[in-house]
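Note sheet for the following structure.
Read-outs throughout are calculated quantities, based only on the coordinates presented, and are distinct from any laboratory measurement. If you're wondering where the values come from, they're calculated on a predicted model, not measured in any experiment. FYI the Cβ positions are ideal-geometry reconstructions off the backbone, even for glycines, and counts take in every protein chain you see.
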Amino acid sequence: MRRSVLWMALAVFGSGTFPVACGAQPQGQGTSSQMENEPTAKSAWNAALLASLAKWVDSAPSFGLPRPDTAALDKATRDRDVAAIDREAEALALRLARFYLLGCTPVNHHAAWRIPDTDARLDLAGNLHAAMLEGSLDTFFADLQPRNPAFAVLRARLAEEADPVRKTTLIRNMERWRWMPRDPGHTYLLVNPAAFSVELWRDGGKVDEWRAIVGRKSSPTPIFAAMVSGVTFNPWWDIPPNIVRESVGAMMRNNPDAAARKGYVRAGRRYRQRPGPDNALGVMKLAMPNSFNVYIHDTPSKALFNRPVRAFSHGCVRVDRPLDLAAALLAPRITRADADHIVASGNTVTEPLPGQVPVYIAYFTAVPSADGEVAFLSDIYGRDSVMGDALAVQKKCAF
C-alpha cells in the first residue's frame, strides 16, 4: 500500500468516523444541531488495522510472495468511501492471507505434490474477523506462516541473497513449505529425496537423521503422505509387477536355482521373496500403506550409503541404521536391543507403534545446513523447473 494512501487512510479513520472536508457543510444537513442528531459512518477497519494490513502487504516480497494489488482499496480510500474501504480491505486481507498460508503457485505446477494440506480448511474469514475485534491482525498474519524452522532460515537467506538463480531456488522452496501442513503432528518423519535423508521430528525439533537411498531418475520417489502404524522385522517382500517384468520373472523362468537361492517364490500371479540376508527389504520395513507401493526399509546393499548421490532404487526409500530408526519409533516399549533380538530370531514380526506417526515424503532443494546456513541441493528429479519461473510467479499469484 503506498505511503500516501496509508496516511490518507489514517486520516480518514483516525477518529473512527467519516470526516467532512474543512469549511464544507454536508449536503442535506442544515444546522449544527441537526448534524449532531445524524448518525456518523463508522468503519470496521480503523487506522491501526489498516496500518497493520499495509505492513503485511509490503512485507510479502520478503516472504517470497508477490505484493498484492491494492488499487481497489487505494481508490476507496481516496474517495473516502467507508463502505468500500471496509469491503476492499477485507478482500485484500483475505487474499493476502491465502498468499501467506497456501502460496501462489498455480495448481498445475504442483499437481505431483500429493501431501494433503489441512490448512486449506482453515476458516480464514472467521479468524480475520476475530483478529480485527481483538486488534491482533499482526498475530493473525504471523500465525499463517509455515512453522518448521527451515522456513525462517530460508527467509533470512532470501533477504541477503543477490544471486538470481539461488534467489529463485529459495522462493520455490519457501513455497513448498506452504504446501505442507503447518501442524504436521507431534512426531513425524520427513523424507527429502533431494537430500537423500530421512528425519525424525518431535515437538517441533529434529531428533535424528538417517542417510537414505531414493528412486532413480527413471523411477523417482513420489511426493506423498502416509501413516506409519508399525515396524515389520524380517519382512517378506511382495515384488511389484514392474520389477517382476524387469528382472525377477526372467530369473525364475531361466535360472530357477539362482532364484531359489535368493529366496524368490511364486504363488499364482504373486511373486515374493523370503526373509533372509538377500531380501531386498533387509531386516526392517515400516508398515505405511499407500497407493504407490513405496516404503521405508532396510537394504542389503550397505555400500551404496557411502555414495554422495544415492538415487538407485525403484522408488522406495532405503535407510541406513534401520534398527535405530525402528527403536526410535517403537520406544519405549521396544529398545534397540529388543530389535536386535527379534531380527536374530529370524521370525517375521510386526510391532505396532504406540500411536500412528505421519510420514511426509516431500522435496526440498534448499535446506538449512548444520552450521545454520543454507545448502543448495541438486534438483535430481527436475522438479524445480516444473514449478515455473518463481520470480514471474511472484508478480501474479494463483489466488
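Would you mind giving the average projected area, over all directions, of the Cα convex hull of the range 188-251 in nm² with one decimal?
Spelled out: convex hull of the Cα atoms, projected over all directions, averaged, 6.3 nm².
Restricting things to alpha carbons, tell me how big the range 292-342 is in terms of Rg and Dmax, in Å.
Spelled out, the Cα radius of gyration and Dmax of the range 292-342 are 12.8, 35 Å.
Pop the C-beta distance of residue 120 and residue 159 into the FRET formula with R0 = 30 Å and round what comes out to the nearest 0.05. It would help to have the intermediate numbers written out before the result.
Details: r = 28 Å, r/R0 = 0.94.
Step by step, r from the Cβ atoms, then E = 0.60.
With a point put 7 Å past each Cα toward its Cβ, work out how far residue 356 is from residue 143 in nm, to one decimal.
According to this spin-label approximation, the distance is 2.7 nm.
Under 5 Å between amide hydrogens, which residues at least 5 positions from residue 313 or on another chain qualify, with H placed 1.01 Å from N in the peptide plane?
So residue 313 has HN proximity to 214, 215, 216.
Pull up all non-local amide H partners of residue 284: gap of 5 or more, or a different chain, and H-to-H distance under 5 Å with H placed in the peptide plane.
234, 298
Using each residue's phi in the range 91-101, evaluate 6.51 cos²θ - 1.76 cosθ + 1.60 at θ = phi - 60° and report the 3J(HN,Hα) Karplus result to the nearest Hz, with x for Gly and Pro.
4, 5, 4, 5, 5, 5, 4, 5, 3, 5, 7
Tell me the mean residue ellipticity at 222 nm calculated for the chain from its helices only (DSSP H runs of n ≥ 4, each -39500 (n - 2.57), averaged over every residue, nearest 500).
On the way: 15 runs with 145 residues, N = 399.
The helix contribution divided over the chain gives -10500 deg cm²/dmol.
Provide, for q = 0.11 Å⁻¹, the log10 of I(q)/I(0) from a solvent-free Debye sum over equal Cα point scatterers in the range 61-156.
With no solvent term, the Cα-only Debye profile gives -0.40.
Stretched out fully, how many nm does the piece from residue 369 to residue 340 gain, at 0.36 nm a residue minus the Cα gap? Show your work: numbers first, answer last.
Details: separation 29, 0.36 × 29 = 10.44 nm, distance 3.22 nm.
Length gained, residue 369 through residue 340: 7.2 nm.
Compute, for the chain, the length of the dipole vector about the Cα centre, with Cβ point charges of +1 (Lys, Arg) and -1 (Asp, Glu) only. Units Debye, rounded to 20.
Result for the chain is approximately 1740 debye, rounded to the nearest 20.
From the backbone phi of the range 174-190, what are the Karplus-calculated ³J(HN,Hα) couplings (6.51 cos²θ - 1.76 cosθ + 1.60, θ = phi - 60°) in whole Hz, Gly and Pro given as x?
Each residue's phi maps through the Karplus curve to give 5, 5, 4, 5, 6, 7, 8, x, 4, 10, x, x, 4, 10, 7, 9, 10 Hz.
What net charge do the residues around residue 305 carry, taking every other residue with its C-beta under 14 Å from that of residue 305, with Lys and Arg at +1 and Asp and Glu at -1? Please list the in-between numbers first.
Details: positive: 211, 302, 307, 310, 318, 321; negative: 209, 298, 320, 324.
So the environment of residue 305 carries a net charge of +2.
Expressed as a rounded percentage, what relative contact order does the range 105-251 have, with Cα pairs under 8 Å and six or more residues apart?
21
If I take the Cα coordinates of the range 264-328 and project them onto the principal axes, what are the three extents in Å, biggest first?
Ordered largest first, the range 264-328 gives principal extents of 40, 23, 22 Å.
State which entries of 262/285; 206/302; 55/167 exceed 21 angstrom in Cα-Cα distance in the structure shown.
Numbers: 262/285 18 Å; 206/302 24 Å; 55/167 23 Å.
Going by Cα-Cα distance, 206/302; 55/167 fall outside the 21 Å limit.
Considering all projection directions equally, how large on average is the shadow of the alpha-carbon convex hull of the chain, in square nanometres?
25.5
Using 0.36 nm per residue of separation minus the Cα-Cα distance, give me the extension gain between residue 44 and residue 129 in nm, one decimal.
29.7 nm
In whole percent, what relative contact order does the chain give with Cα contacts below 8 Å and a gap of six or more residues?
Working: 657 pairs, mean separation 79.1, N = 399.
Normalised by residue count, the contact order of the chain is 20 percent.
Using 1/(1 + (r/R0)^6) with R0 = 22 angstrom and r between the beta carbons of residue 95 and residue 136, what's the FRET efficiency to the nearest 0.05?
Values: r = 19 Å, r/R0 = 0.88.
It comes to 0.70.
If you consider only alpha-carbon coordinates, what radius of gyration and Dmax does the range 143-211 have, in Å?
Over the range 143-211's Cα set, Rg and Dmax evaluate to 13.0, 37 Å.
Explain nothing, just compute: Karplus ³J(HN,Hα) = 6.51 cos²θ - 1.76 cosθ + 1.60, θ = phi - 60°, for every residue of the range 230-243 in order, whole Hz, x for Gly and Pro.
Each residue's phi maps through the Karplus curve to give x, 10, 9, 9, 6, x, 6, 10, 7, 6, x, x, 5, 6 Hz.
At R0 = 22 Å, how high is the FRET efficiency between residue 293 and residue 217 if r is their beta carbon distance? Nearest 0.05 is fine.
FRET efficiency, residue 293 to residue 217: 0.70.
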